[in-house]
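Everything on this sheet refers to the single structure shown next.
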Amino acid sequence: MESFSLPLDYSAIERIIPHRHPFLLVDRITELEPDRRIVGIKNVSLNERYLSRQPGTVPALPPTILTEAVAQVGAILILSKPENREKLPFFAGIERVRFRRTVYAGDVVEIEARVKRLRSRMGQLSGYARVNGEVVLDGTMTFALGSRDI
């Protein structure tokens, strides 16, 4: 697989992780420091099917979808390393995830993942999601790397 130059757009992201529309929740990667941290962007559009649409309320991004978006940004960080490109990251756990405020259609979410611990087959990331500089989600995610031949 080729080397990547920033920013990574949607098609470059598709070359790194196996997710596809409508399950690919990252629109752009703006910063990438291998083995350290990554920053990605999620534009929340009114057209997205998974927005909660309760009568009389503004459409909002469900916290579980936001958590998955943070995990996908972390997966891009892990799979961007040449030795991991033929592997799949699996959620092994999420801890201390806090949802600080609701994310609405029209918001631009900046997602950051930082490596806490990294081994050959397992790791732990701290994840943050911000809207206009305000933290809307933070937590710790543990992952395991497995073969794509499952």
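The values are calculated or read from the model by the stated rules, or taken from the named source; none is laboratory data. Everything numeric in this text was worked out from a predicted model, so none of it was measured. Using ideal geometry, Cβ is built from the backbone for each residue, glycine included, and neighbour counts are taken over all protein chains shown.
Filter segment 120-142 down to residues that are assigned to a loop (DSSP other than H, G, I, E, B) and in contact with a Ser or Thr (Cβ under 8 Å, 6 or more places away or on another chain), then give me how many there are. Show your work before the answer.
Residues of segment 120-142 assigned to a loop (DSSP other than H, G, I, E, B): 120-121, 132-133.
Checking which are in contact with a Ser or Thr (Cβ under 8 Å, 6 or more places away or on another chain) leaves us with none.
Selection size over segment 120-142: 0.
With segment 33-119 as the region, which strands (runs of 3 or more DSSP E) entirely inside it contain at least 2 residues that are surrounded by 12 or more Cβ atoms within 10 Å (Cβ to Cβ) and without any contact (Cβ under 8 Å) to a residue 60 or more places away in the chain?
Working: elements: 37-43, 87-99, 108-118.
Result: 87-99.
Quickly run through segment 1-32 and pick out the residues that are in a loop (DSSP other than H, G, I, E, B) and in contact with a Gly (Cβ under 7 Å, 6 or more places away or on another chain).
Taking segment 1-32 as the starting set, the residues that turn out to be in a loop (DSSP other than H, G, I, E, B) are 1-7, 9, 17-27.
Result: V26, single match.
Among the residues of segment 34-58, write down those that are within 17 Å of P82 (Cα to Cα) and either at pLDDT below 90 or in contact with a strand residue (DSSP E or B) (Cβ under 9 Å, 6 or more places away or on another chain) (or both). First the steps, then the outcome.
Our first condition is that a residue be within 17 Å of P82 (Cα to Cα); within segment 34-58, this holds for 34-38.
Within segment 34-58, D35, R36, R37, I38 qualify.
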